[in-house]
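The values are calculated or read from the model by the stated rules, or taken from the named source; none is laboratory data. Everything numeric here is computed off the predicted structure, so don't read it as measured data. In this analysis, Cβ positions are derived from the backbone assuming ideal geometry, glycine residues included, and neighbour counts consider all displayed protein chains.
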Amino acid sequence: MASLQSVLEQYFTVYHTPPFPADAYELVVDGMPLAVAGDLSEREVALLKTLAPQPASRNPWAQFLVGSGSIPANGVVRLVQFNTSAAPTQPALWLDALLSLFSGDVTGFWLTPTHAVVVEPQTATPLDQSGLLSILDTLDPDFDTQTRGYLGQFWAVNATLPAIFAEEQRLAAASDDRCACLANSALAYYTSKARRDSPLLGNLRDAITEDAEMRPVIVSLYEHLGNLTATAKALYIHRNTLQYRLDKFQQTTGFSLRQMDDLVLCYLLVQGA
């Protein structure tokens with residue numbers, strides 16, 4: 001089935017990156033801010049309202065980040081994204097609880113019913129990935145939600161920030177990790193088109209994914225920087241069993257997962273497999 005975005009692109013001029021033209025009609029598709037070129041008929045506007053919501057938040061940061069507001073403050077900030085699998089039953093309470101779990105002075109808003117954003121000013125002790133995981137572990141059981149977080153980079157607040165935020169949204173949407181960031185999502189995201197379009201890489205992917213047991217091995221080995229002991233422990237298998245699987249994989253494919261170049265290539269090939 002065609003995505004809503006692709007359908008819109010067939011019939012309208014669609015802008016993907018804010019700031020959007022002043023006369024454009026703004027909407028949110030799959031959590032991403034988009035805009036359709038202006039001069040729409042009443043019927044077209046009614047159709048767009050039915051298909052996708054407009055950004056609902058009146059928060060100054062929300063308006064700025066989707067390209068329809070002025071810069072709300074100066075300085076350097078980070079945008080921390082939270083995507084829930086379903087809309088919380090008490091969104092205001094959920095957001096208040098989320099903000100209370102940050103140690104510094106932060107602000108937040110709902111961009112869509114399932115996508116919240118926290119604006120974190122730069123400090124000497126910013127939130128790290130373990131802190132983000134701790135927030136999710138605290139929040140989800142209390143509200144019966146399933147949430148993924150994305151820890152953005154720190155950026156100067158200027159006219160380029162909405163475009164950067166739009167790209168960070170795409171990075172977050174493309175990652176399956178519960179706690180994602182640029183460092184652990186960029187490689188797979190920025191090579192996705194080449195991997196998808198290349199016949200050579202496609203054939204390699206088919207070859208290395210014939211053994212379904214090897215995908216979790218490759219991913220875990222990559223996440224543990226090639227450390228066999230840590231990987232075996234994470235997979236709940238004996239180190240000798242892991243050694244055997246690596247040897248068998250090398251005999252079958254020619255790739256030695258003990259070599260970092262081979263491991264990185266195989267890791268990229270199994271993304272989305």
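Table for the structure above
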quantity	calculated
Only one of 148, 205 that is outside the structural domain of residue 262 (by TED's automatic domain parsing), over 19 Å from residue 61 (Cβ atoms) and surrounded by 15 or more Cβ atoms within 10 Å (Cβ to Cβ)	148
Near pairs, Cβ below 6 angstrom, 6+ apart or cross-chain, from the range 191-211 (closer than 17 Å to residue 263 by Cα) to any residue that is of a type in the set (Ser, Thr, Tyr) and loosely packed, with under 14 Cβ neighbours inside 10 Å	none
Qualifying residues in the range 107-125 (those that are more than 20 Å from the chain's Cα centre (by Cα) and closer than 16 Å to residue 153 by Cβ) - the one surrounded by the most Cβ atoms within 10 Å (Cβ to Cβ)	121
Selection within the range 164-178 - surrounded by fewer than 20 Cβ atoms within 10 Å (Cβ to Cβ), hydrophobic (A, V, I, L, M, F, W, C) and in contact (Cβ under 8 Å) with a residue 24 or more places away in the chain	166, 173
Residue ranges of strands (runs of 3 or more DSSP E) in the range 31-147 with at least 2 members among the aromatic types (Phe, Trp, Tyr)	107-112
Residues (modelled with pLDDT under 70 and either of a type in the set (S, T, N, Q) or closer than 29 Å to residue 84 by Cβ (or both)) located in the range 4-27	18, 19
Residue among 258, 245 that alone is more than 23 Å from the chain's Cα centre (by Cα) and not in a helix (DSSP H, G or I)	258
Those residues of the range 151-163 which are surrounded by fewer than 18 Cβ atoms within 10 Å (Cβ to Cβ) and in a helix (DSSP H, G or I), in sequence order	163
Whichever residue in the range 181-202 is among the hydroxyl-bearing types (Ser, Thr, Tyr) and surrounded by 13 or more Cβ atoms within 10 Å (Cβ to Cβ) and, among such residues, is farthest from residue 132 (Cα to Cα)	198
Complete set of residues in the range 181-197 that are among the hydrophobic types (A, V, I, L, M, F, W, C) and outside any helix (DSSP H, G or I)	181
Count of residues meeting criterion [crowded, with 21+ Cβ neighbours inside 10 Å and modelled with pLDDT under 95] in the range 66-82	2
Matching residues, the range 198-234, being assigned to a helix (DSSP H, G or I) and of a type in the set (S, T, N, Q)	203, 220, 229, 231
Condition met for residue 92 (without any contact (Cβ under 8 Å) to a residue 24 or more places away in the chain and not charged (D, E, K, R))	yes
